[in-house]
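The values are calculated or read from the model by the stated rules, or taken from the named source; none is laboratory data. What you see is a predicted model; the values in this text were computed from it and never measured. Don't worry about glycine lacking a Cβ; one is built from the backbone with ideal geometry, like all the others, and counts go over all protein chains shown. For the accessible areas, the whole protein counts, side chains as well, though only heavy atoms, and no ligand, DNA or RNA atoms are used. Shrake-Rupley method; radii C 1.70, N 1.55, O 1.52, S 1.80 Å.
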Amino acid sequence: NRRKKKDDNILEIPSIPNPFPELCCSPFASVLSASLLPKATSRKKQVIKVYSEDDTSRALEVPSDITARDVCQLLILKNHYIDDHSWTLFEQLTHRGLGRAIEDHELVMEVQSSWVMEEENKLYFRKNYAKYEFFKNPLSFFPDHMISFPSEIDAAVSHSGILQMFLSSSTYPEIHGYLHAKEQGKKAWKKMYFLLRRSGLYFSTKGTSKEPRHLQFFCEFSNSDMYMSLTGKKVSGAPTNYGFCFKPNKSGGTRDLKQLCADDEQSRTCWMTAIRLLKYGMQLYQNYLQPYQGRSGCSPLNVTPMRSISENSLVAMDFSGHRSRIIENPTEALSVAVEEGLAWRRRGCLRLNSHGSPIAMSNMGMSIHRSQSWFHHKISREEAQRLILQHGLVDGVFLVRDSQSNPKTFVLSLSHGLKIKHFQIVPLEDDGKLFYTLDDGHTRFTDLIQLVEFYQLNKGVLPCKLKHYCARIAL
């Protein structure tokens, strides 16, 4: 019995598999079947190349069914960026001078499948603060003179009412206005009256008539993508710089483009936003509400995103007494913050310049802004406008740059009301000290960092506070 029990114990020990089956010529060597592998390993993977604003690039090996949002989340985690829901993947058709923000739910490989091999098309990773801004403030995106509602609906529609109509399957507001169109095979542009309805985009053959016999079909959006013109008048010869077009999903030549041009940025933004809502509908709203919803197959993307620090998650504290207290008065909190910032700056200057001269300290104050992400050294006015436009025309998007007309001054470029405005920062000298001002010396700052921090908290002479800065990120 003992021997039998001992043999049973030996049989219960599991057999150790051969780690090198290819070296064994035995016919009984087990072969691992492909059907026994996990499904995740059978998914095809491809390599994509993503660029940043400073033309650095990064190659990523990703699944074939990865979405644009998953690619952004992967780059955010790899580069340790803070996710504020504004990171976006852009498609740029360099040869044609066109670009668009890829929607979060779109498959990246499907986007690349429409590219022509001879063209140098690129994917860019950058911020777009206006991606879902129309969900927060729809009235600024749809002016009264461009939108009309069905007759059975009251004209006085609230913010939420406009969104409900755009996302509804039964009712849809009508967008109308003049656009410049370029007919296929012709070089001339013609100004016509257009109407956007659920069935597509139409233009009137007789003035502003909306009668069915005067409306002619122009384009539908299920099989085409909408692009913004990045070159303005240079390539297409458009009458203005506010062009956009529709390109079929399948690869095709320039003749397949349906090109349009608006008279101003507000009109172009209205048309493009309405067409996005018409094409994607509730999918856009789900992307806005659930920005972190990724595909289950992308294991690196299931990591909890980094915590984003916002103004609502911070409180002002006073540690001067025996017990700490929360400063509830906004005025007191602001004064304490400014005082603490100035004290920290003085301590930093003393540490950095303890062995230097007053001249060295002054020179450091003049150049300390060059290390800031919002400062762009020697870029033109057109380049500044292009950067702000790429980051989205949301109130408060800004950058600071050198002035080209006056080498000793700087310029603050700011987005407000779907327009880009430029404010000159003038240096002033008083009692041997150098200051910077935006309001002819009424408010003075020792350096540009102090100036930017002040206008991030106070509107002052500006039309709005500084909220989002344009930065050239590196991958």
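What the table shows:
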{"item": "Subset of region 228-240 [out of contact with any Asp or Glu (no Cβ under 8 Å at 6 or more places or on another chain) and either at pLDDT 90 or above or not in a loop (DSSP other than H, G, I, E, B) (or both)]", "result": "Met228, Ser229, Lys233, Lys234, Val235, Ser236, Pro239"}
{"item": "Yes/no for Ser57 being more than 21 Å from Arg276 (Cα to Cα), without any contact (Cβ under 8 Å) to a residue 60 or more places away in the chain and not assigned by the TED database to the domain that holds Ser267", "result": "no"}
{"item": "Residues that are closer than 28 Å to Glu106 by Cα, among the charged types (D, E, K, R) and surrounded by fewer than 19 Cβ atoms within 10 Å (Cβ to Cβ), drawn from region 220-234", "result": "Glu220"}
{"item": "Residue ranges of helices (runs of 4 or more DSSP H) in region 88-143 with at least 1 members of a type in the set (S, T, N, Q)", "result": "108-113, 138-141"}
{"item": "Filtered residues of region 199-234 (kept if among the small types (Gly, Ala, Ser) and farther than 14 Å from Tyr178 by Cα)", "result": "Ser199, Gly200, Ser222, Ser224, Ser229, Gly232"}
{"item": "Members of region 258-270 found to be over 20 Å from the mean Cα position of the chain (by Cα) and open to solvent by 20 Å² or more (accessible area, probe 1.4 Å), listed by number", "result": "Lys258, Gln259, Asp263, Asp264"}
{"item": "Test: residue in region 199-219 that is assigned to a loop (DSSP other than H, G, I, E, B) and either surrounded by 17 or more Cβ atoms within 10 Å (Cβ to Cβ) or within 28 Å of the chain's Cα centre (by Cα) (or both)", "result": "no"}
{"item": "Test: Arg69 is modelled with pLDDT under 90 and assigned to a helix (DSSP H, G or I)", "result": "no"}
{"item": "Pick from region 103-122, criterion open to solvent by 50 Å² or more (accessible area, probe 1.4 Å) and of a type in the set (D, E, K, R), ranking: farthest from Gln286 (Cα to Cα)", "result": "Glu118"}
{"item": "Neighbours by Cβ (under 7 Å, 6+ apart or cross-chain): first from region 235-257, at negative phi and open to solvent by less than 30 Å² (accessible area, probe 1.4 Å); second modelled with pLDDT of 90 or more and in a loop (DSSP other than H, G, I, E, B)", "result": "Thr240/Asp263"}
{"item": "Residues (within 16 Å of the chain's Cα centre (by Cα) and modelled with pLDDT of 90 or more) located in region 271-292", "result": "Met272, Thr273, Arg276, Leu284, Asn287, Tyr288"}
{"item": "Candidates Phe125, Phe134, filtered to the one that is modelled with pLDDT under 90 and buried (at least 20 other Cβ atoms within 10 Å of the Cβ)", "result": "Phe134"}
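Residue by residue, here is whether (1) open to solvent by 50 Å² or more (accessible area, probe 1.4 Å); (2) modelled with pLDDT of 90 or more; (3) under 22 Å from Arg386 (Cβ atoms) holds:
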position: Arg3; (1), (2), (3): yes, no, no
position: Asn9; (1), (2), (3): yes, no, no
position: Phe28; (1), (2), (3): yes, no, no
position: Ser52; (1), (2), (3): no, yes, yes
position: Leu60; (1), (2), (3): no, yes, no
position: Trp87; (1), (2), (3): no, yes, yes
position: Phe90; (1), (2), (3): no, yes, yes
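Each row is one residue, and each column tells you yes or no for (1) surrounded by fewer than 18 Cβ atoms within 10 Å (Cβ to Cβ); (2) modelled with pLDDT under 95.
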| site | (1), (2) |
| --- | --- |
| Leu393 | no, yes |
| Ser405 | yes, yes |
| Lys408 | yes, yes |
| Leu412 | no, no |
| Val426 | yes, yes |
| Asp430 | yes, yes |
| Tyr436 | no, yes |
| Asp439 | yes, yes |
| His442 | yes, yes |
